[in-house]
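The values are calculated or read from the model by the stated rules, or taken from the named source; none is laboratory data. Model, not experiment: these values are computed from the prediction. Here the Cβ positions follow ideal geometry from the backbone for every residue, glycine too, while neighbour counts run over all protein chains shown. Just the protein is used for accessible areas: all its heavy atoms, side chains included, with ligands, DNA and RNA removed. Shrake-Rupley method; radii C 1.70, N 1.55, O 1.52, S 1.80 Å.
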Amino acid sequence: VVGVDGARYRDALAIVATDVETGHQWPVDIQERPEDAPEDYEHDFERADAAMLDLASKYKVWRAYVDPQYIEGLFDRWQGRWGDKVVLPWMTYRFRPMCFALAAYRSAMTSGELSNDGDPVMASHITNATKRDTNVVDDEGRPMWILEKPEQRRKIDAAMAGCLSWEARRDCIASGEWPPKKH
């Protein structure tokens, strides 16, 4: 399963995969805007597309959750290639679903259910993320939170992509698609 978050110009563009069976997560591609980038800088969408093609050549991708804001061209290309049952929009600005997805992601991290390859760029995105309280409450009435970046130059897109990838894994398991049925 895959999660994708980011933008075309300013924010980073991150693609993160999770192995459904093991819960192991790794970055497929993370592009950050260089500090000395020219004003007309754009992330390399061809590089991101090639990374997705390479991933799909090695694994059966059950689902890719993509926040399509600012990367509509990539989203449309992937949905055209793999279909709207595999590549789905997952809007990260929806507070309630995002709060619950982040709570599950954090729980998987702290419980050890989720493992990762120690990628330093992804680790920095997770470290950069700060909590922002919302008016959403969990099932016990406790306040929930979303992620935000403390300042524009400190990126968190790989953390968001990791969360979306983890949410796709949870949905795969909940759907009964995993573990595969033996015939």
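Condition first: open to solvent by less than 90 Å² (accessible area, probe 1.4 Å) and touching a helix residue (DSSP H, G or I) at 6+ places or on another chain (Cβ under 9 Å). Now tell me which residues in the range 126-136 satisfy that.
Residues satisfying the conditions are I126, N128, A129, T134, V136.
Which of the following residues is at pLDDT below 95, touching a strand residue (DSSP E or B) at 6+ places or on another chain (Cβ under 8 Å) and of a type in the set (F, W, Y): Y65, Y70?
Y70
Here is a list: C163, C99. Which entry is touching a helix residue (DSSP H, G or I) at 6+ places or on another chain (Cβ under 7 Å) and either of a type in the set (K, R) or modelled with pLDDT of 95 or more (or both)?
C163
Scan the range 59-92 for residues that are within 13 Å of the chain's Cα centre (by Cα), closer than 19 Å to H43 by Cα and not in a loop (DSSP other than H, G, I, E, B) and jot them down.
V66
Filtering the range 137-152 down to residues that are under 24 Å from I30 (Cα atoms) and free of Cβ contacts under 8 Å to residues at least 60 places away in the same chain, which residue is least open to solvent (accessible area, probe 1.4 Å)?
Looking at residues that are under 24 Å from I30 (Cα atoms) and free of Cβ contacts under 8 Å to residues at least 60 places away in the same chain, I get I146.
Residue-by-condition table, conditions (1) of a type in the set (K, R); (2) under 27 Å from D133 (Cα atoms):
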{"position": "V2", "(1), (2)": "no, yes"}
{"position": "E32", "(1), (2)": "no, yes"}
{"position": "L55", "(1), (2)": "no, no"}
{"position": "V66", "(1), (2)": "no, yes"}
{"position": "K85", "(1), (2)": "yes, no"}
{"position": "L102", "(1), (2)": "no, yes"}
{"position": "Y105", "(1), (2)": "no, yes"}
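Being touching a helix residue (DSSP H, G or I) at 6+ places or on another chain (Cβ under 9 Å) and part of a loop (DSSP other than H, G, I, E, B) is the filter here, so list the residues in the range 1-43 that pass it.
Of everything in the range 1-43, those that are touching a helix residue (DSSP H, G or I) at 6+ places or on another chain (Cβ under 9 Å) and part of a loop (DSSP other than H, G, I, E, B) turn out to be V1, A7, R8, D11, A12, D19, V20, G23, E32.
Given the structure, is M122 under 13 Å from the mean Cα position of the chain (by Cα), among the hydrophobic types (A, V, I, L, M, F, W, C) and loosely packed, with under 13 Cβ neighbours inside 10 Å?
For M122, the condition - under 13 Å from the mean Cα position of the chain (by Cα), among the hydrophobic types (A, V, I, L, M, F, W, C) and loosely packed, with under 13 Cβ neighbours inside 10 Å - is not met.
If you check W62, W26, which single one turns out to be open to solvent by 30 Å² or more (accessible area, probe 1.4 Å), within 29 Å of R153 (Cβ to Cβ) and in contact with a Ser or Thr (Cβ under 9 Å, 6 or more places away or on another chain)?
W26
Just give me the residues in the range 98-109 being more than 14 Å from the chain's Cα centre (by Cα) and either open to solvent by 50 Å² or more (accessible area, probe 1.4 Å) or within 22 Å of A48 (Cβ to Cβ) (or both), in sequence order.
F100, S107, M109 - these are the residues of the range 98-109 that are more than 14 Å from the chain's Cα centre (by Cα) and either open to solvent by 50 Å² or more (accessible area, probe 1.4 Å) or within 22 Å of A48 (Cβ to Cβ) (or both).
Checking the conditions here, which among D36, D11 is surrounded by fewer than 17 Cβ atoms within 10 Å (Cβ to Cβ) and either on the phi < 0 side of the Ramachandran plot or among the basic types (K, R) (or both)?
None of the other options fit; the residue is D36.
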